[in-house]
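Read-outs throughout are calculated quantities, based only on the coordinates presented, and are distinct from any laboratory measurement. None of the values given here were measured: they were computed from a predicted structure. Cβ atoms come from the backbone with ideal geometry, glycine included; neighbour counts cover every protein chain shown.
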Amino acid sequence: MKNIIILGAGRVGSLVSCLLVESGDYIVHLLDKHIPDDKPVLERNIDNLKYVE
């Protein structure tokens, strides 16, 4: 299983995270930079993030 962080907890981010989880191949963490509790998680993992287009 692959760990994935999806930034943006809006409708699209939620939909994508649900689809990835349903596939059974991914562990998904949904974060939003505007939520104060999510900022420390982002700061700890910022160096490990990979951007996909």
- Which value, in debye to the nearest 20, gives the size of the charge dipole of the chain about its Cα centre, when Lys and Arg are +1 and Asp and Glu are -1 at the Cβ? 40 debye
- May I ask for the angle, rounded to the nearest 10°, between helix 11-23 and the longest principal axis of the chain, with both axes built from Cα atoms and the value confined to 0 to 90°? 50 degrees
- Give me D for the chain in µm² s⁻¹, whole number, from Stokes-Einstein with Rh from the Kirkwood sum over alpha-carbon pairs, 10 °C and 1.306 mPa s. 137 µm²/s
- Task: May I ask you to list the trypsin sites (Lys or Arg not before Pro) in the chain that are in a DSSP loop and have at most 14 other Cβ atoms within 10 Å of their Cβ?
- Result: Lys33, Lys50
